[in-house]
Amino acid sequence: MNKREENMEWELEAPYLASLPRTTPFSVPDDYFKHFQSQVESVIFLNGLAEKEDLGFSVPTGYFEDLTSAIQSRITVDSFANREAAFTTPDNYFEKLNAAILSKTISDKPKTKIRRLWGSDFMKYASAACFIILAATGLYLNQQNNLKLERSAELVSEQMLYDIDENVIIEHLNETQTASNLSNAEMESYILENYTSNDISTNL
Amino acid sequence: MKQVEDAEILQKFGIEKTRNEAFNLLITKYQQKIYWHVRRLVIDHDDADDLVQETFVKVWKNLANFRSDSQLYTWIYRIATNESITFLNKKKLKNNISLDDVSSELADSLASSSYFDGDKAQRKLQEAILTLPEKQRIIFNMKYFDDMKYDEISEVLGTSVGALKASFHIAVKKIESILINND
């Protein structure tokens, strides 16, 4: 069976597929096939180099014989080195440490507690008003008290005067020689000035 | 440019002085065919580039042992196909995904590829082809795009002609159905 016959079989079964252009709709970078050959040659050259056993390098005598034990020793040493790192720190510890130290030293300022005497302005003004009222009341009462004392003192002295006999007064006056030097007229005027007519009439 | 015959290439390759010249002739003759065959399988240009280079490196290493019991073209094709299948299998194992997911990845690569020149119908066709099982997809590509005979495909894949015919017909019916239903 040739190609044409082979194709006719399926083209009859799938006419839509057969009608489509049989081209691959992919593209390649510019000049891809132009440089492809040199690329393959480079790869072949490099592979050839890699496959060569002797590339001009040498190793010390007995290197490969001792290599196994050297690797095992290295593994043992590394396992001991890793044991020292048994202690761990939380994640990102050292990244945060610097900032934490600074916040507790340079950045930290003593914070004073502020306690308000009054919780609000109303309390403040109410307290001031109460104080003023109390002070004024105190002053007023004090003043009133003083007046009372003065009046009572006056009353007391007046009463004392009423309680003293006129003969005593006369005698006192005679003793002090003040009255002897006074004339009758002067005495009379003194009595009239200091005693009422009622007093005079009553006591005389 | 006149195509050099395979026999001439093989002859020149056998002589050390002309080996490089023969290899250059071989690359010039087959690079595009092999490239497009691989590209249709792996979709991505960079992946195809790596695989095609690897193919020709293997050709260089083994051409001296080529026994001419098959055509040079089918022998190179076989190397390229095996490289592509190995690549796709490695992709599956590497990402721990199933074959369906590999096809899905290739479809994503197709959708995002900057090296796609086709129209809407061609994109649909490529997407439909990606729904086929791996081996069926290879058979379809070789028959539909490369227009290879079943005998040649059999040489490449080591599968009987009968099995190839059956597989190709199933693929054609499936793709036709997808294209018509999604149109």
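The values are calculated or read from the model by the stated rules, or taken from the named source; none is laboratory data. Please read these numbers as outputs of a predicted model, since none were measured by experiment. No Cβ is skipped: glycine too gets one built from the backbone with ideal geometry, and neighbour counts run over all protein chains shown.
Numbers for the structure displayed
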read-out: Some residue of the range B:121-143 being over 17 Å from B:Val38 (Cα atoms), within 13 Å of another protein chain (Cβ to nearest Cβ), surrounded by fewer than 18 Cβ atoms within 10 Å (Cβ to Cβ) and among the small types (Gly, Ala, Ser); value: yes
read-out: Filter result for the condition that a residue is within 10 Å of chain A (Cβ to nearest Cβ), surrounded by fewer than 17 Cβ atoms within 10 Å (Cβ to Cβ) and under 19 Å from A:Val40 (Cβ atoms), over B:Lys61, B:Lys33; value: B:Lys61
read-out: Filter pass, B:Ala22 being of a type in the set (A, V, I, L, M, F, W, C), modelled with pLDDT of 95 or more and not assigned by TED's automatic domain parsing to the domain that holds B:Leu130; value: no
read-out: Search result, residues across the range A:1-43 that are in a helix (DSSP H, G or I) and either touching a residue at least 60 places away in the same chain (Cβ under 8 Å) or within 7 Å of another protein chain (Cβ to nearest Cβ) (or both); value: A:Lys3, A:Glu6, A:Trp10, A:Glu13, A:Tyr16, A:Leu17, A:Phe33, A:Phe36, A:Gln37, A:Gln39, A:Val40, A:Val43
read-out: Failed criterion for B:Ile15 (all others in (1) surrounded by fewer than 19 Cβ atoms within 10 Å (Cβ to Cβ); (2) touching a strand residue (DSSP E or B) at 6+ places or on another chain (Cβ under 6 Å) hold); value: (2)
read-out: Residue count for the range B:144-163, restricted to those that are in a loop (DSSP other than H, G, I, E, B) and crowded, with 22+ Cβ neighbours inside 10 Å; value: 1
read-out: Exclusive hit being within 19 Å of A:Glu11 (Cα to Cα), surrounded by fewer than 17 Cβ atoms within 10 Å (Cβ to Cβ) and without any contact (Cβ under 8 Å) to a residue 60 or more places away in the chain, set B:Ala166, B:Ala111; value: B:Ala166
read-out: Options A:Glu9, A:Glu65; residue that is under 30 Å from B:Ser167 (Cα atoms) and at pLDDT below 85; value: A:Glu9
